[in-house]
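What follows is a short report on a single structure.
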Amino acid sequence: MTKKSIILGIETSCDETAVALVQDTGNDIPKILSNIVSSQFDIHKEFGGVVPELAARSHVEKINLIAKKAILESKININEISGVACTSGPGLIICLSVGLNFAKGIASTLKIPFIGINHLEGHALSPKLHTKLEYPYLLLLISGGHSQYLSVNGLGDYKRLGTTIDDALGEAYDKTAKILGIEFPGGPKLEEFVKRGDPNKFKLPKPILDKGGCNLSFAGLKTAILRTSKEIKNEQEKFDLAASFQKTIEEILNVKTEKAFKEFKKINTTNKYNFVVAGGVAANSGIRNKLTKISEKNNFKPIFPDLRLCGDNAAMIAMVGLEKYKVKNFDSLDLIANPRLPLDKNAKFLKGAGVEL
Ligand code: KG4
Ligand code: ZN
């Protein structure tokens, strides 16, 4: 029997140093042999956001140790690795470069293929680590830096249907949390506040709800949160504002997702309509519940990555690496980091003032 391919995945695009090993099984779902994520929350929390220089320095300090740990945990010998996959963008350029240099060093020492991975494609395909998933499917990618609806037509083949014209959803969660006095990154912790609040207490704006197709906008909502927070009189009202924010987000996603369903159906005819929600914010329980209901109502099957695969990790990078390895889609060691690497190369840049929707 021939040995099944094993891919080493490396992820250092922002504030997580992550290394994973994923093995082909010959079936649709690969096996995760190890998946180590070392977060830098403690380094950045006093600054209320990620400081690129500190993030890069920490990646340099930790990457070798994390890689050793991942290989040890996978119980394989380093010579069994078939290829090295590493995030090449989007992300912070000095952070991406740390992972890329490390990955290229391993690939050239072991004389195995090197594969650059789009971080967003890692998120896009992440449920494939546990679920059989056929193309095409509709994707809502919601993370700290991106909020997009895309038609996923195949490996490396994306059509963007909508995007945020200002802030990303993760950013809106983190900023709201910060305004409410929750430590960075506040998105996950905000859920605790939401549980204790009245979602109908504050009426907040839903920017571009009735225009702009399935494009999104969260900047006006963030400003409203800041303004409302100044009127808060007691602790309970903080919980109420968090719950009202969550309800508003759910309502925006409800309307925009129904629009995306229609857009997707216009360009795809398939007898199975799948809807994947991926990225860090896909861990949010309220969003999961709401989008499950709206999917079922519209005959789409909702698919979410396991919670541990929603946030940044290297298993998703290794898995995309494995798919590219199988079709011999390798990169040269000259590949450099691209901080703005898109999923849909033909999509127009929508950010900024004067956007025509
Ligand atoms: O995908 P990710 O780990 O990193 C990027 O590629 O950006 O996403 C991180 C974002 C952060 O903004 C974080 O606050 C948010 O995902 N996030 C959440 C939750 N868990 C993570 N937002 C809302 N609710 C959550 N449970
Ligand atoms: Zn991410």
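The values are calculated or read from the model by the stated rules, or taken from the named source; none is laboratory data. A quick note: this is a predicted structure, and the numbers were derived from the prediction, not measured. We place every Cβ from the backbone using ideal geometry, glycine too, and count neighbours over all the protein chains shown.
Quick notes
- Within region 316-343, the set of residues being surrounded by fewer than 17 Cβ atoms within 10 Å (Cβ to Cβ) and charged (D, E, K, R) comprises LYS326, LYS328, ASP334, ARG340.
- Residue satisfying all of: in region 115-130; more than 16 Å from ligand 1 (Cβ to nearest atom) and crowded, with 24+ Cβ neighbours inside 10 Å; farthest from ALA260 (Cα to Cα) among these: ILE115
- Subset of region 83-115 [under 19 Å from VAL152 (Cβ atoms) and not aliphatic (A, V, I, L, M)]: THR87, GLY89, PRO90
- All conditions but one from (1) free of Cβ contacts under 8 Å to residues at least 12 places away in the same chain; (2) over 20 Å from LEU33 (Cα atoms); (3) not aliphatic (A, V, I, L, M) apply to HIS59; the one that does not is (1).
- PHE304, sole failed condition from (1) buried (at least 24 other Cβ atoms within 10 Å of the Cβ); (2) within 30 Å of GLY116 (Cβ to Cβ): (1)
- Yes/no for LEU133 being outside any loop (DSSP other than H, G, I, E, B) and within 30 Å of PHE261 (Cβ to Cβ): no
- Residue check: LYS203 meets all listed conditions (1) under 21 Å from PRO127 (Cα atoms); (2) surrounded by fewer than 21 Cβ atoms within 10 Å (Cβ to Cβ); (3) at pLDDT 95 or above; (4) not hydrophobic (A, V, I, L, M, F, W, C) but one, namely (1).
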